1. Quick check: net charge around Asp457, other residues with Cβ under 15 Å of its Cβ, Lys/Arg +1 and Asp/Glu -1?
2. Please sort 407-415, 372-380 by packing, taking for each peptide the average over its residues of neighbouring beta carbons within 10 angstrom, highest first.
3. Relative contact order, percent, of the range 551-687 when contacts are C-alpha pairs under 8 Å separated by at least 6 residues?
4. With N set to the number of residues, divide the alpha-carbon radius of gyration of the range 578-715 by 2.2 N^0.38 Å and report two decimals.
5. Extent of the range 359-490 along each principal axis, from alpha carbon coordinates, in Å, largest to smallest?
6. Quick one: Debye curve from the C-alpha atoms of the range 497-651, no solvent, what's log10 I(q)/I(0) at q = 0.12, 0.15, 0.21 Å⁻¹?
7. Ranked from highest to lowest mean number of other Cβ atoms within 10 Å per residue, what is the order of the peptides 669-678, 555-564?
8. Quick one: net charge of Gly419's neighbours, Cβ under 15 Å, K/R +1, D/E -1?
Amino acid sequence: MPKKKSLTVQRVLALLLSYVTLCIAGGVVASALFLPAVIGANNVAKAVVPSLKVEGIDFDVTSLPQKSTMYASDGTTVIASFYAQNRTVVPLKSISTYMQQAVVAREDRRFFEHSGVDVQGVLRAFVETYIKKGDTQGGSSLTQQYVKNVLMIQAREDDDPIAEYHASEDTIARKLREMLISVQMEKQYSKLEILQGYLNIAQFGSNNLYGVETAAKRYFNTTAADLNIVQSATIAAITKNPSQYDPSIEENQAEAENQRNIVLDLMLQQGFISQQEHDEARNTPLKDTLNIQPAASEVGCQAAGDAAFFCDYVSKKILNSEELGATLADRQKLLNEGGLEIYTTMDVNANSAAMNAARDTIPVNDASGFEVAIAAIKPGTGEVLGFGINRTYDATDAAKTDPTHTAINYAVDERDGGGMGWQVGSTWKPINLVAWMQQGHSINESLRTSMRYNNTDFSCSQYQGVGVWPVQNSGGGTVSPETPLQGLVRSHNTTQAAMAQQIKLCSIADAAKTLGYNNSPLGQEDVYSANSLNPPMTIGSVQASPLTMANVYATLAANGVECTPIAMKRVVDKNANELKVPSANCHQAISSEIAQTTAYALNQGVVQSGGEAATTQLDNGRKTFAKTGTNEDTYMLTGGFAPNTVAAFVAVGNAESPVSFNGKTINGQYRSSWYGMYIATPAWKEFMNTYLNAIGAPNDDSYGTPAAQYTTGGSTSTSTQQSTETEEESTQQEGTTDEEMYYEEEE
């Protein structure tokens, strides 16, 4: 026993000697705390501290993990925040003098006198801990506390639990390491820079809340710059025990007020405030000063509400963009810790209109279980405006057992957080018309059609056909002769086959790719893959996301200018540097004449002349450009646009696997047979009407002027030859059908 006691005394004496040696070696810094000269120095202090590396650790305050904020296109509406630690770093000049004084009074009253290690504090801690055998006393200076916090953060970032343990363990070795680093820091940092670092790194609450700026917002709905005496004392008191002194927790408030008053007493003793200021502050009930703001119980897109699917799309774009980091881990860290300001392309009106249209069409809890997916894009810019999904966004495990919850955005490609895509049906057919004109043909040429084609008739450099393709129109049969314009108006499959027979399959694939189509939902990056490049492509047997198809229609809406869809306008890092983000790469993909002539066919033929998309007509006589589609009885689709304003695409069905609509009760209505006009088209119309009205979009009556070189020759009639032939039904070689029917609504 005596030997053990002797060893303890030796260790304690060694610790004390080390403390004193370090303190004396560091020298003494004399300073009058917060005199006018010092306050003046605050104003000229650098907004960010210089880089200092000790033992490979960066103590630059700007390297602290900071939350990233995602904004809508208006630049002010917050979509979501991302963080590992909820912190917003601010320079010392943006922190009130009262707050600076309060934390010094509470944590380290000799901060401006010592050289990183407080000799008197160490001696006091030694006496209390080892002589009086009382509670363990730390004696740590603000500089040492800053060092400890940085070491712990670095260990977490390195995923090094052992280093994190050593950074916080109650041992002599840890204290000595902190002191050594603190003395080095004091030789390179000014006191104001160290104080700035501490105020930004300290934990000021139990809810993952770090830094004085975040605390000011949380407890008082103000900024660090505007904190008064009472508010500053309240926040300064929290760091001693963040879980028990957090004033946002009602049961903590009595003790939080007591701790606040202790800080006020210390501020008075140290000459920071007058007796009158002290008394007024002490006599103010804590609860009367609070203005608690909601704490983000869920981080990121999980807390984004109706913007959650768009938020998820943006976050996936960040994680997939090499412009924002060399590795996925680098990009994830940048999002969660980089203090980014992410200005997205999401239009609040568009996203709201899309979400409402999706839920109005098929409610989230509808017994049918069908999904509605809507994507909207601004023509000529690539800017994605919003998404509509009739599901509740949920990235937690709870979504695994609740079919109404999902984190899959069925409106986008799989790599961007979407599904496997939707078979697009007859909404593909405008692509055939573009390819036809690109090969120098008129939309009014007369074509002889058939219901049986040799696949060799479609052969080209990347497709060598084998076998026979039987194809027919809705209700069977074909119409021969017929023009491409009439074939689009009536959505006849046999006419699409006749066009492809003449211009070959590769030219149609080329046109699709040029317009912005890709089939990446299938894991393929090339429209020429075997999954896509076959004759049934011409009637929409291929799969695509609604965003991809919306982009195709956007090209037609922008005089032939195609852009890669983008989700971000700009991204600014915590040092106010603009980061490179993916570009829309807008370019003239097809001629304006072809775009205008295709628009003419969609409006005058398909919508205005009793075509199969007549039900898409928008409100107030607005000139409407649209095309409907149906894949068998499993997917209903509609795509269209308002020129140079918005292009939108709607897909309805079971996004995971084909399920028949027939005989289903949807949104309280039973039908033995469902068609796009009953479900996809109303969703498209609701979105378009709501959004266009919200932004006051004018009607562009001039758009859709056909070019003479693409309309001369053949009959220009667009009348329907048979009332039952305004939709198509085809039997593909693989045994699937593509059907789109326009019937008078059943009574």
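1. Around Asp457, the surrounding residues sum to +3.
2. Values: 407-415: 23.7, 372-380: 28.9.
So the peptides 407-415, 372-380, ranked by packing, come out 372-380, 407-415.
3. On the way: 228 pairs, mean separation 27.8, N = 137.
Relative contact order for the range 551-687 comes out at 20 percent.
4. This ratio for the range 578-715 stands at 1.23.
5. 56, 36, 32 Å, listed from the longest principal axis down.
6. Values returned for q = 0.12, 0.15, 0.21 Å⁻¹ are -0.58, -0.87, -1.52.
7. 555-564, 669-678
8. On the way: positive: Lys316, Arg391, Arg415; negative: Asp312, Glu371, Asp413, Glu414, Asp416, Glu656.
Result for the local shell: -3.
Quick note: the coordinates plus some simple rules give every number you see, no bench work behind them. The shown structure was predicted, so the numbers you read here are calculated from the model rather than taken from an experiment. Virtual Cβ from ideal backbone geometry, glycine too; neighbours counted across all protein chains shown.
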